[in-house]
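The values are calculated or read from the model by the stated rules, or taken from the named source; none is laboratory data. Since the structure is predicted, the reported quantities are computational estimates derived from the model, not experimental observations. Cβ placement follows ideal geometry from the backbone for every residue including glycine, while neighbour counts extend to all protein chains displayed. All accessible areas refer to the heavy atoms of the entire protein, side chains included, with ligands and DNA or RNA removed. Shrake-Rupley method; radii C 1.70, N 1.55, O 1.52, S 1.80 Å.
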Amino acid sequence: MSDFNLNTFFEKAIYPLLDLTDREKQMLLSETRVLSLKNNSFLIRENTSVDHLFFLNKGLVRSFYTKDHREINTEFFFENDFLTALTSFLTGKITYLNFQCLEESEVIAIPKTLIDRLLLQDQKWHVLLNQILKKEFIKKCCRESSFLLHDSLERYLYFLEQFPDSENRIPLFHIASYLGISPETLSRIRSKKLKQIDLSQVNKI
């Protein structure tokens, strides 16, 4: 990893949460890699076991399942997001998720073996892991409540609130899949006059 990328990683992802010693920085430097990925390349493939936590330094990634030859988007990840197939990462079991780049991306890969060692050495690393898990849990709860409480128009407006400027970066058919609607339905929704909705029910969950 270059010094530039390492410093960027610390500033974006670590310093806001933790104070690191020089020794801890060196541990990260020695075992952490930077992956340069092309558009449409895969970071994680289904039916594999995931043993890295990733930080998206640049680019855009989607996660999705495949069912009956269809791709069902579950999440989008942007710059400064941590990402991984959490269940596989935590349990060692295989994942059924795919993670694919929608743009040329730069990803920082942190091995689970390193994270496990750091967790044993100092309780402060639990703060970082807990923050990552907390953010992922909240995202999943909000997505679930949006499906339960909102119609397709409201889900679309909530999506725009979550991901500003996403329409300039994510193909509409991927957005439709994430919202659980057809591309045709999304086109009709976008052609209507959009009105603001009360998202307090979702945001409180």
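Structure notes:
- Leading residue by the ranking (farthest from the chain's Cα centre (by Cα)) among those in segment 50-69 that are open to solvent by 30 Å² or more (accessible area, probe 1.4 Å) and either under 29 Å from Y15 (Cα atoms) or in contact (Cβ under 8 Å) with a residue 60 or more places away in the chain (or both): D51
- On the stretch given as segment 156-204, residues that are of a type outside the set (S, T, N, Q), in a loop (DSSP other than H, G, I, E, B), surrounded by 13 or more Cβ atoms within 10 Å (Cβ to Cβ) and modelled with pLDDT of 90 or more total 4.
- Members of segment 74-84 that are assigned to a strand (DSSP E or B) and surrounded by 20 or more Cβ atoms within 10 Å (Cβ to Cβ): F76, F77, F82, L83
- Residue pairs meeting the criteria (Cβ under 8 Å; at least 6 apart or on separate chains; first more than 20 Å from R62 (Cβ to Cβ), in segment 148-165; second assigned to a helix (DSSP H, G or I) and open to solvent by less than 50 Å² (accessible area, probe 1.4 Å)): L149/V202; H150/Y158; H150/V202; L153/I189; E154/S146
- Residue satisfying all of: in segment 117-147; without any contact (Cβ under 8 Å) to a residue 24 or more places away in the chain and open to solvent by less than 40 Å² (accessible area, probe 1.4 Å); nearest to the chain's Cα centre (by Cα) among these: L129
- Residues of segment 36-51 satisfying the condition of being in contact with a Phe, Trp or Tyr (Cβ under 8 Å, 6 or more places away or on another chain) and within 21 Å of I132 (Cβ to Cβ): L43, I44, V50, D51
- Of the residues making up segment 120-139, those that are at pLDDT below 90, among the hydrophobic types (A, V, I, L, M, F, W, C) and closer than 18 Å to E31 by Cα number 3.
- Residue among T87, T113 that is open to solvent by 60 Å² or more (accessible area, probe 1.4 Å), outside any strand (DSSP E or B) and in contact (Cβ under 8 Å) with a residue 60 or more places away in the chain: T113
- Across segment 16-38, a minimum of one residue is classified as closer than 22 Å to A85 by Cα, open to solvent by 80 Å² or more (accessible area, probe 1.4 Å), assigned to a loop (DSSP other than H, G, I, E, B) and modelled with pLDDT of 80 or more.
- So E46, is it open to solvent by 80 Å² or more (accessible area, probe 1.4 Å), touching a Ser or Thr at 6+ places or on another chain (Cβ under 7 Å) and at pLDDT 95 or above: no
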